[in-house]
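S.K.: What follows is a structure written as structure tokens; I'll ask about it next.
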Amino acid sequence: MKRKVEETTTDGDNETESIEPNLDEDGDERPTKAPKGDSKRKASNPDLVRPLKVSNKDLYKAPTPEELNQLKETESLFHCSLLKMQMEELLKEVALSDNKKRLVDSFVLKITELLQSVPESSVVEVSDTTWLSKVEVPFILVPKSTKGKFHMEPPASVALIGSYPLGTCIKPRVAVDLMVTIPSSVIHPMDAINQRYSRKRALYLAGLAEHLLSSKEVGTLRYSCLHGNRLRPILLLTPPGKNTSSLTLRIHACPPSDFLKPSHLNPRKSKIQTEWYTGIDAPQPGGADTPTPYYNSTVLGDHLPGAHLQFLSAVRDQCGAFKDAVALLKVWLRQRELDQGSGCFGGFLASMLLAYLLTSHKVSNHMSAYQLFRNALHFLASTDLTENGITLARNPDSKAPSLSDFHSAFQVVFVDPSGHLNLCADMTTQTYKQIQHEASLSVRFWDDPTMDGFQAMLMTPKPLVRTYDHVFQLSGLAKMQSACKKLDLFSELMDHSGNYVVTALPLLLSLLQRGLGERIHVLAHSLPSDPEWPVTSEPPKHKDQPPLSFGLLLNPDHLVSVLEKGPAADSPKAAEFRQLWGDRSELRRFQDGSITEAVLWEASTTCLKRLVPQQIISHLLQLHADIPPSCIRYVGGLLDDVIIVRKESCGTGEEESLKVVQSYDDLSRKLWQLENLPLSITSVQGAHPALRYTQVIPPVPVKLDYKRFDREKHIRALLPQEGKPCPAYITPIKVICHMEGSGKWPHDRLAIRHIKAAFHIRLAELLKNTHKYPCNPTPTHLDVWKDGLAFRIQVAYHREPQVLREVVSPDGMLLVRDNPEAQALELETQHRPLLTSTLHGLQQQHPCFGAVCRLAKRWLGAQLFSADVCEDAADLLVAYLFLHPAPFTPPSSPQVGFLRFLHLLPPATRVIASSSFDWRNSPLVVNLNSQLTVADYTEIKNAFVASRESLPTMFIGTPTDRKLSMWTAEAPSVQMLQRIITVAAESLHVLEAQLTDRTQTQDVRVAFRPPLDVYDVLIHLRPKQVPLVESAVDPPKHPPPRGAHEGAVAGGVLPVVDFNPVSLYLTELREAFGDVALFFYDPYGGTVIAVLWKPKAFTPHPFKTGMMGARCVEVSEDKASTVPNVEAILHDFSVLGEGLVHKVVPRTEKWVV
Amino acid sequence: MAVSKKKHASQPCVIPGGFTVLDLKCTKNSPAAHQLFVKEHKVRLEKTASRPLDRTLFVLNIPPYCTEDVISRLFSQFGPIQSVELKDKPGNPEPTEQKLSKYFTLTQKQGFSVGYIVYSKPSGVSAAKAHPQNVPLIVSTENHPVKTGLQKWIHQYSQSFVQPDTLQQAVDSFMNDYDRRKEEEAERKKKEAEQQEEDEEGWVKVTKGAKGAKARPHSEVADKRALQKEGKKTKRKELLNFYSWQHRQSQRDHIAELRKKFEEDKQKIALLRAQRKFRPY
């Protein structure tokens, strides 16, 4: 056989290499080689951490004082020196290179010169824009008319402001701010009123744009606006040439700093006249114009950049680590998507916050960047700026507004050094709460020595879909306009100069916050992004912006209640409650006799209960803001679809699993109560995924249709009929029953096996006699039919593995030697029951654990990886997500849990490389029941590093399994893990795109359909004979009759248990052709077996009697060599699976015989 | 018989190594055939009576659906067969320690196997070796259908049921047997112990023992435990930080440990840097 296309092999060795890291986006490449000193040691395998050998001489030489100091410092400040070094590396990575700085400086110089040469123009009316021939004005001119004159003139000054001169500018997306001062002859002090100043500012910017447009020094020229504020347009410039995206120059037009007195722009003053804004002349009788705090702070903000830069520079000069600390904060904010858009907590605010901490002596000037960063997070976590604002002003002048003034006008208060400007004017309470939440999470994670705080804090991006349990989007932002009307927000709308999105947002948020109440921890929203548009087109309308996204962090304790209990009917708060909920609020009488207002949501299953927030949100938005449910795209249970057990009831299996567990508990009780056993039972333990809520297709009690079966004559049992569809698959639920240790047990492996069989017979007899359960004892187990479920009881003797391990050496010495047989038995009778009960406990803590496991396993199955990642390993991976969620919180919805599961696996692609798990160099430790201490962690890690080569590719450590990783010992191989990782990255990409982008087709099943084009042979099965085909990802429309209906009956006849032709077929295939090919199958109802030839088997071997299975001989020059007999093998595929196989399709376009 | 007629028409196919290639088809109409490789059984050092050298045919590459019955039917055309033995891999027949009832034997792997066919006469071997390749052996014929696939699995499933009584009998007979053996062994031990005792005249007969065993049974675990105990004892007696040199030493150790950690971390960082793991986004 020869491959036609080499690249398509999944199994090929070329995939074992880690993907080479891409080049920088900004083009400044750095050598990817390891430093010289290490290169020799790592020559064999560059990506692997090896145990380090340092000579004793080096370790014990006399330390220098500096070294001693450094060692002591790292020991006391950081958990380990690793963190310190990681921080340093990160800072190096984001710092601007000298090369880049030169580029910036020269570009700024050129642009400054250009700007100075702006020609003067004649004086025109402000509303007259005919003098602009090539560009549009970056301003939405509503209302159209304004008074005033305007003309162009070269700027009074051009100066750098913001992060670049301060030295806190970081890569990538380097943005350099350039302030252009509008000459005072262009503007007039009266211009503060009615947007006249803002319009002139926009015109001035347009004038500059027109001038720059013709220049060759400028690459692209676009408009944007500062933090989404349409009153503050800015001009974005990139240098010409190829590296356009790496550097952006932002031109801000500002008035001279003494243009207006700050006191005129007090938040209580009104600077927009209602008559002008509405165009209706008659002023509202009896009232002065409403204050316009937002507009005022916008205008005032333009006066202060210079002053702020001065202030921050002074602080920076005092404190050496200031720059680095700001850089760290900026990275932290960026990973949380908090640094851009309207109402963001950007780099400027971060600098100001640090300056506040330094000037108020909350931190000392001598602290390191790491300490400053930590203190800043701590301050954010512990201070509520929505209640107690802070101010940087030392001695505010008498005219400055007080903090309470600010609080009444704005949601979040952080006053600048002048005492007049609120730096957080456009931030919503929810955004600040989100920052607080993130900060407190970060501080908490950082204190936990068992985890890699650095990764969690600074390296892991937290996009909305992966962070929040439920996400919803408001599309059709035009509806927000009507919301403003409904919510009576006219004056606010005027204040925000018509930006209805920003205007309505705070009120909608507080409405939802009230309605959702205790159900959620955090209500977060994406910040409306800064629009960008080319200078030649008009500014985009408010409604054309991308939809707003909201994220809910659910509180699992209150999630399941379907009742919103309000105040008593006669209490004064009842009216408020009724107002909030409208006609959904009803008077209800409760069992304790109280009569209260209440709202009842409809949800019968856990799955639906999780979606109650959706009902609440769409109800509230419809009622109070006129936003129809069609505008809300709620993404909370999209993935539930693939694990729904029964279509009618719409449950995701929690209820079914609970029934199984209840039935098992009953069985266990009955086993305990059995009398007349030769030895007593010491424990009854479940050892099946269904007993920890993680079975993908949980067993459902069934009633049998006897007509569709044959009978076994001697034992009352049913048999499958030949020529009929395969009967429904009845999962045997494994129960391990340990018998008391006693001297009566023989000390011999064969004898123990016989005794166990005798126990099975005895148990069957007792269960049959006392409880009338149909039983079938066999040498290895005992099947019990109970409540429409089949339990498989297996008797175990705790010393049996020990007996299996004992070998007597020829000289009579009793040796203990580990062997696979003993390990398998131990796994079966000790570790699996323990894992089952531990994970069952986890399910009690985190109600959606089971659902996430089932999604994860469904995905693994559907992508044909079930044979490589066993169920227990998959459950452990999911348990890891719940026990070590950093930097997230434990998932409270299956959807987010599954997305994080997919994200945990892949380090393959560049996009998400930063946070994924490094299987090669680190063990994944799942601290079940928090049994492991810090010392244990180190021990596991050291043992792992010491014997990495011999350990499984995917190492999962648990408290009971610290050195072996027993669940992943067999599989996956390096190649398969690589493949899993690649597919996971792809699935994640597809799913996240679907969840965030509403224009994409809505079919989450796409991620559950395997790409079959990489396989060499496809064996299609007859759906009729695949017993689980009804539960497949894409189930058939007309399921064949299986002879089983829902509903349980007691007693009766033993059904066909554990009869799955497909798995029997697969076993035969693997046993016969395991040397030649790999077989992949989706055990949850797949109808295709995918076969991949093993390339190694197809290179001709010399004739050897030991390995001749399925091979044929070719003789050339008196030498016999053998290759697999492909045609006969293909024929055997259909022979072995006669009746089951529909057709065997060799995909010969990929290979030839 | 059609086979014998064609025999003269074509030659047997013998490949280097001395094996004759026989084609084997599942049914008459099968599009592809497996190649069986047969040769007389010739192993120098085998001393088992079950495979007499002159009469045993060694067969390689027998497909999983060929049971011993099928093989014996297929190869009986070359002469009367005494026994057929199918194995996973070529090699000596395993010594069967004791007879287990069929319920307790472990299931065989259903892969490709090798066979040892013992003919009643040596002529059977040579007849098989002379069989031409282009006349394939047919596994499943109308008279002797071979069950595969669903049919086979359903059959297997119905066969898997055991009457509890029969199972109990099997268990009982084995356990009785086991108890008897245990008793015999105990008896033997007792006798050995008796031999070691003084006789009337005060003489002790010293023997090497059955397998050179010591008088008391010992195990690896016990030996290890004893060693550990010893080690603990010495450790307990040791004094820590008692002398000033000890104190100095422990301080030096601490610094060395910090240094070692530092070096390790440096290595990790270098590695991560090489993988460009420090780009936050």
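Each value in this text was obtained by applying a stated rule to the coordinates, not by laboratory testing. These numbers were taken from a predicted model, which means no experiment stands behind them. Virtual Cβ from ideal backbone geometry, glycine too; neighbours counted across all protein chains shown.
S.K.: Give a quick list of trypsin sites (Lys or Arg not before Pro) in the range A:396-469 that DSSP marks as loop, anything other than H, G, I, E or B, with at most 16 other Cβ atoms within 10 Å.
M.R.: Details: sites: A:Lys399, A:Lys433, A:Arg444, A:Arg466; in loops: A:Lys399.
Passing sites in the range A:396-469 are A:Lys399.
S.K.: 222 nm [θ] for the protein assembly as shown, helices only, -39500 (n - 2.57) per DSSP H run of 4+, per residue, to 500? Mind showing how you got there, number by number?
M.R.: Numbers: 42 runs with 519 residues, N = 1434.
-11500 deg cm²/dmol, from helical runs alone.
S.K.: Set the Förster distance to 60 Å, then compute FRET efficiency between A:Ser122 and A:Arg817 from the Cβ-Cβ distance, nearest 0.05. Please list the in-between numbers first.
M.R.: Numbers: r = 100 Å, r/R0 = 1.67.
The value I calculate is 0.05.
S.K.: In addition: State the extension gain, in nm to one decimal, for the chain segment bounded by A:Glu153 and A:Ser360, taking 0.36 nm per residue of separation less the distance between their alpha-carbons. All intermediate terms of the calculation are to be shown ahead of the outcome.
M.R.: Values: separation 207, 0.36 × 207 = 74.52 nm, distance 4.26 nm.
Answer, rounded to one decimal: 70.3 nm.
S.K.: Can you list which of the trypsin sites (Lys or Arg not before Pro) found in the range A:614-699 are DSSP loop residues with at most 10 other C-beta atoms within 10 Å? Walk me through the numbers on the way to the answer.
M.R.: Values: sites: A:Arg633, A:Arg646, A:Lys647, A:Lys659, A:Arg669, A:Lys670, A:Arg692; in loops: A:Lys647.
Qualifying residues, ordered by number: A:Lys647.
S.K.: Also, I was wondering about something else. As a footprinting exposure proxy, order A:Arg584, A:Arg832 by other Cβ within 10 Å, with the fewest listed first. Don't skip to the end; give the middle numbers.
M.R.: Numbers: A:Arg584 17, A:Arg832 22.
Least crowded to most crowded, the residues run A:Arg584, A:Arg832.
S.K.: Within the range B:136-205, list the GluC sites (Glu not before Pro) lying in a DSSP loop whose Cβ has at most 14 other Cβ atoms in a 10 Å radius. Before the final figure, lay out each step's value.
M.R.: Values: sites: B:Glu142, B:Glu183, B:Glu184, B:Glu185, B:Glu187, B:Glu192, B:Glu194, B:Glu197, B:Glu198, B:Glu200, B:Glu201; in loops: B:Glu142, B:Glu197, B:Glu198, B:Glu200, B:Glu201.
Qualifying residues, ordered by number: B:Glu142, B:Glu197, B:Glu198, B:Glu200, B:Glu201.
S.K.: So, in Å, what gap is there between the alpha-carbon centers of the range A:813-840 and the range A:471-523?
M.R.: If you average the Cα positions of each part, the centres end up 58 Å apart.
S.K.: Hey, fewest Cβ within 10 Å first, where do A:Phe849, A:Phe410, A:Phe590 land in order?
M.R.: Fewest to most other Cβ atoms nearby, the residues stand as A:Phe590, A:Phe410, A:Phe849.
S.K.: Any chance you could run the full-extension gain for B:Lys191 through B:Ser120? It's 0.36 nm times the residue separation minus the Cα-Cα distance, nm to one decimal.
M.R.: Numbers: separation 71, 0.36 × 71 = 25.56 nm, distance 4.70 nm.
Length gained between B:Lys191 and B:Ser120: 20.9 nm.
S.K.: So what is the relative contact order of chain A, in percent, for Cα pairs below 8 Å that sit 6 or more residues apart?
M.R.: Details: 1926 pairs, mean separation 113.3, N = 1153.
Over chain A, the number comes to 10 percent.
S.K.: Right, another one. What is the distance in Å between the Cα centres of the range A:692-753 and the range A:102-145?
M.R.: 82 Å
S.K.: Going 7 Å from the Cα of B:Gln163 toward and past its Cβ, which residues in the range A:770-787 have a backbone nitrogen under 17 Å from where you end up?
M.R.: It comes to A:776-779, nothing else.
S.K.: A further question on this structure: With springs only between Cα atoms under 10 Å, which of B:Gly111, B:Gly149, B:Gly202 fluctuates most in a Gaussian network model of chain B?
M.R.: Most flexible of the set in this elastic network: B:Gly202.
S.K.: For the protein assembly as shown, go through all pairs of different Cα atoms, get the mean of 1/r, take its inverse, and jot down that Kirkwood value in Å. Walk me through the numbers before you get to the answer.
M.R.: Numbers: mean 1/r = 0.0262 Å⁻¹.
Hydrodynamic radius (Kirkwood, Cα pairs) of the protein assembly as shown is 38.2 Å.
S.K.: If I require 30 Å or longer along the helix axis, counting alpha carbons, and a Kyte-Doolittle average no lower than 1.6, what helices from chain B are left? Use full DSSP H segments. Don't skip to the answer; put the middle values down first.
M.R.: On the way: long enough: B:164-196 (47 Å, -2.06); B:244-274 (45 Å, -1.46).
Result, helices passing both filters: zero.
S.K.: Pick out which of B:Leu86, B:Leu240, B:Leu167 has the largest mean-square fluctuation in a Gaussian network model of chain B, springs linking Cα atoms closer than 10 Å.
M.R.: Fluctuation is largest for B:Leu240.
S.K.: Here is a follow-up. With an 8 Å cut-off on Cα pairs and a minimum separation of 6 or more residues, tell me the relative contact order of the range A:338-471 in percent.
M.R.: Normalised by residue count, the contact order of the range A:338-471 is 22 percent.
S.K.: What shape does the range A:193-238 take by its C-alpha gyration tensor, where a ≥ b ≥ c are the square roots of the eigenvalues and a/c under 1.5 counts as rounded, a/b above b/c as prolate, and the rest as oblate?
M.R.: Values: a/c = 5.15, a/b = 1.74, b/c = 2.96.
Oblate is the answer for the range A:193-238, as a/c is 1.5 or above yet b/c matches or exceeds a/b.
S.K.: Go ahead and set up a Gaussian network model of chain B, Cα springs under 10 Å, then flag whichever of B:Lys229, B:Lys129, B:Lys261 fluctuates most.
M.R.: Highest fluctuation among the options: B:Lys261.
S.K.: Quick check: convex hull of the Cα atoms in chain B, volume per residue, rounded to a whole Å³?
M.R.: Values: hull volume 120.6 nm³, N = 281.
Once divided by residue count, the hull of chain B is 429 Å³.
S.K.: Got the relative contact order for the range A:1016-1146 handy, in percent, Cα pairs under 8 Å and 6 or more residues apart? Before the final figure, lay out the partial values.
M.R.: Numbers: 174 pairs, mean separation 47.4, N = 131.
Averaging sequence separation for qualifying contacts and normalising by length gives 36 percent for the range A:1016-1146.
S.K.: Between 0 and 90 degrees, rounded to the nearest ten: what's the tilt of helix A:749-771 against the longest Cα principal axis of chain A?
M.R.: 80 degrees
S.K.: Pull out the extension gain between A:Asp98 and A:His798, defined as 0.36 nm times the separation in residues minus the alpha carbon to alpha carbon distance; nm, one decimal. If you can, show how the numbers build up before the last one.
M.R.: Details: separation 700, 0.36 × 700 = 252.00 nm, distance 6.84 nm.
Value of the extension gain: 245.2 nm.
S.K.: Rounded, prolate or oblate: which fits the range A:95-260, taking a ≥ b ≥ c as square roots of the Cα gyration tensor eigenvalues, rounded meaning a/c under 1.5, else prolate when a/b beats b/c? List each step's numbers first, then the result.
M.R.: On the way: a/c = 1.94, a/b = 1.74, b/c = 1.12.
Prolate is the answer for the range A:95-260, as a/c is 1.5 or above and a/b outweighs b/c.
S.K.: Which value in nm describes the separation of the simple spin-label points at B:Lys237 and A:Ala993, placed 7 Å from the Cα toward the beta carbon?
M.R.: In this crude label model, B:Lys237 to A:Ala993 measures out at 7.5 nm.
S.K.: What ranking of A:Thr112, A:Thr1148 emerges when the number of other C-beta atoms within 10 Å of each C-beta is taken as an exposure proxy, fewest first?
M.R.: Working: A:Thr112 17, A:Thr1148 13.
The most exposed by this proxy come first: A:Thr1148, A:Thr112.
S.K.: Taking a ≥ b ≥ c as the square roots of the Cα gyration tensor eigenvalues, with a/c under 1.5 meaning rounded and otherwise prolate when a/b beats b/c, else oblate, which class fits the range A:366-485? Mind dumping the intermediate values first?
M.R.: Working: a/c = 2.98, a/b = 1.12, b/c = 2.66.
It comes out oblate by the Cα gyration axes.
S.K.: Can I ask one more? Please work out the FRET efficiency for the pair A:Asp1058 and A:Lys1119, using the Cβ-Cβ distance as r and a Förster radius of 35 Å; give the result to the nearest 0.05.
M.R.: 0.10
S.K.: Given labels modelled 7 Å from the Cα in the Cβ direction, how far is it in nm from A:Ser973 to A:Gln931?
M.R.: 3.3 nm
S.K.: If you take the beta carbon distance between A:Asn769 and A:Tyr706 as r and set R0 to 22 Å, what does 1/(1 + (r/R0)^6) give as a FRET efficiency, to the nearest 0.05? Spell out each step's value before the answer.
M.R.: Numbers: r = 24 Å, r/R0 = 1.08.
Taking R0 as 22 Å, the efficiency between A:Asn769 and A:Tyr706 is 0.40.
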